[in-house]
Amino acid sequence: MRNHALSLFCCLAAGIAPVAALAQDAADPKIDGHVRTHLQSAFETSGTPGAPDSTTTIDGQYIPNAAEPFGGEIQLNADQSTPFWPARVVPPEGAPNILLVMTDDTGFGAGSTFGGVIPMPVLDELAAEGLRYTNFNSTALCSPSRAALLTGRNHHHVGFGNIAEASTGFPGYDASIGRDSISIGGILRANGYNTSWYGKNHNTPPWTESQLGPFDQWPTGEIFGFDHFYGFMGGDANQWQPNLFNDTTQIYPFRDNPGWNLITAEADDAIRHIETVNSIDPDKPFFVYLAPGATHAPHHPTKEWVDKIEAMHLFDDGWNKLRETIYANQKRLGVIPEAAELTPWPDGLKKWDDLTDDEKKLFIRQVNVYAAYLAYADHETGRVIDAIERMGKLDNTLIIYIVGDNGSSAEGSPIGTPNEVAQFNGVTPPVDVQLKEFYDVWGTDETYNHMAVGWTWAFDTPFRWTKQVASHFGGTRQGMVMSWPTKITDKGGVRNQFSHFIDIVPTLLEATQIPAPRFAYGIEQMPIDGTSMVYTWDASPDGATRHKVQYFEMFGNRGIYNDGWYANTTPIVDPWELFSIPSPDVMNSYKWELYDLTKDWTQNNDLASTMPDKLRDLQELFIAEASKFQVFPLDNAVATRLVTPRPSVVAGRTHFEYTYPV
């Protein structure tokens, strides 16, 4: 085979038509794909072959693509020879620009587009021009959802069964996306896109996050493949003074810059970069991934936005009334079925009417700051969209705007906290201390704040549970909007087909007409697990889904979807009880529930006792899927997982010397 490849290249270089070789190539599917790359006739080319302005698409099976064979002529002297420039790689004709937006820790019922009271006018406008997706699901936690989003593969399948900081030494939990699973950024870049990423990462192994690297699993490394990164590496960041990187260089733009905020700075840098691309090469499409830290704690909006929200008095009636309002709005908007039931309020959380006046005052301040953070982030996303429109490129831009990488977060304790880090260390200042010391500075650089769990539960309306809980849709159901003015024609439509984060990569590949690569950097790529959602653009709202089976698992809470049926475990600890010690026998310590989602949208009527055979079938399906995608061994520990020994650049060291600057 190697001799055939060499002879074929020699024939091409000499200008001899390799007829026999071509015949063998057509008959032999195992021939080296690098050779096949320049023999296929389906490529889109422009200009004269070998001319400096010539362009071509590629078959995309190999990243990086093989060098184009020299097609000119070489004699002893240059004036007797013919030069030949390799064609510049471009995407297929009509491939759209792409803006992929995702907020952080945002429940299905938080924003106005899906029934919430927090204003998100930018997303509302996109929904009016595009499609609202009501049955789109995450993994229930940050790093895992982001790994699934960027690779198109299930989170355990690429080592992110949990957040990077809770990684363990098992294949599904090692926080290392391998070279067999390069991201959509690398795929699009190899096919002629400019790719850039803004905001949160959280998919780089923590022990490689220092300025020393290695950088292969950073956003601009070969696994993620982005041309540019402007953001933070970990799970959250102080938005006033973040641990901020420009590509792989740490920067400090907030120094001596009062009022600087990362949410605005990310939008500024995205606009600057898009305008640079448009100025230098206006025909080059861009892929922008905008992942602001909002609304993960700390909730750090500007005072301007806090004042706007406080003046609206959105939350004065408390979280129970808020839940009823959201539920009614959702039915009015058609983002839940008319028959969908509102799940009950949990016994372990106080109802609003049972709170003291001090508690109500503090909790309203907390949620106003949270709401300001989400509204602020939506506004800044709108600035990026406005910049694309000013360039005249909005009509051919596919925008996917995902509201949350998981459900709303319950990690702030039942009374909230002025310092999330203190909460993770078991310290929760009481209400009177929070009122006295932190009320007026809530959301400023003097706090690392999070809100009370009652608001969290309300923002996941109409579902039960929250972030971390993969068994229930309060942890996994995310609102999502797609807009592409020249392709999506059902303006303002709703789509109820079941879908998942792993479906975004195949959707982008079909939209751009770019294939998933078979090999990248010499490594065979794992199959993509997701299903393209392009079919939904022309489907009816309740048309059949093509995503038939999907497992869920996080901290031992698990579920299995199969064509309208859903079986799941019942959580045995509350996600705000960060130091609980559940039974380590995860397989046998949980009760299971069963739901017919075609009639029970919100998991409110458990059929497990009346349909044990159906439940058993789904439990067996979960085991099969979990075995396939590296879910085992199951682990429901939280705090102990965070302190599990793992690789570290400081492991075993007791003496440190630092020289300026570091």
When you go through (1) under 24 Å from Ala297 (Cα atoms); (2) in contact with a strand residue (DSSP E or B) (Cβ under 6 Å, 6 or more places away or on another chain) one by one for Lys393, which number turns out not to apply? (1)
Which one of these does Tyr401 not meet: (1) open to solvent by less than 20 Å² (accessible area, probe 1.4 Å); (2) assigned to a helix (DSSP H, G or I)? (2)
Test each condition in (1) surrounded by 15 or more Cβ atoms within 10 Å (Cβ to Cβ); (2) within 30 Å of Arg88 (Cα to Cα) for Gly293 and report the one that comes out false. (2)
So how many residues does segment 417-456 have that are among the β-branched types (Val, Ile, Thr), part of a helix (DSSP H, G or I), more than 17 Å from Gln241 (Cβ to Cβ) and open to solvent by 50 Å² or more (accessible area, probe 1.4 Å)? 1
Does Thr598 meet the test of being open to solvent by 40 Å² or more (accessible area, probe 1.4 Å) and hydroxyl-bearing (Ser, Thr, Tyr)? yes
Which of the residues that make up segment 437-467 are within 22 Å of Tyr376 (Cα to Cα) and free of Cβ contacts under 8 Å to residues at least 60 places away in the same chain? Phe438, Asp440, Val441, Glu446
Name the residues in segment 319-376 that are part of a loop (DSSP other than H, G, I, E, B) and polar (S, T, N, Q), would you? Thr343, Thr356
Tell me, yes or no, whether segment 90-101 has at least one residue that is open to solvent by 40 Å² or more (accessible area, probe 1.4 Å) and either at negative phi or of a type in the set (D, E, K, R) (or both). yes
Report whether or not Gly178 is part of a loop (DSSP other than H, G, I, E, B), in contact with a helix residue (DSSP H, G or I) (Cβ under 9 Å, 6 or more places away or on another chain), open to solvent by 10 Å² or more (accessible area, probe 1.4 Å) and not aromatic (Phe, Trp, Tyr). yes
Check Thr570, Thr489, Thr512, Thr545 and return the single one that is out of contact with any His (no Cβ under 8 Å at 6 or more places or on another chain), open to solvent by less than 10 Å² (accessible area, probe 1.4 Å) and of a type in the set (S, T, N, Q). Thr512
Out of curiosity, is Ala410 of a type in the set (A, V, I, L, M, F, W, C) and either modelled with pLDDT under 95 or not in a helix (DSSP H, G or I) (or both)? yes
Could you check segment 154-169 and list, in sequence order, the residues that are open to solvent by less than 10 Å² (accessible area, probe 1.4 Å) and part of a loop (DSSP other than H, G, I, E, B)? Asn154, His155, Gly159, Phe160, Gly161, Asn162, Ser167
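The values are calculated or read from the model by the stated rules, or taken from the named source; none is laboratory data. Bear in mind the structure is a predicted one, so any value in this text is a computation, not a measurement. FYI the Cβ positions are ideal-geometry reconstructions off the backbone, even for glycines, and counts take in every protein chain you see. To get the accessible areas, we keep the full protein, side chains included, count just its heavy atoms, and leave off ligands, DNA and RNA. Shrake-Rupley method; radii C 1.70, N 1.55, O 1.52, S 1.80 Å.
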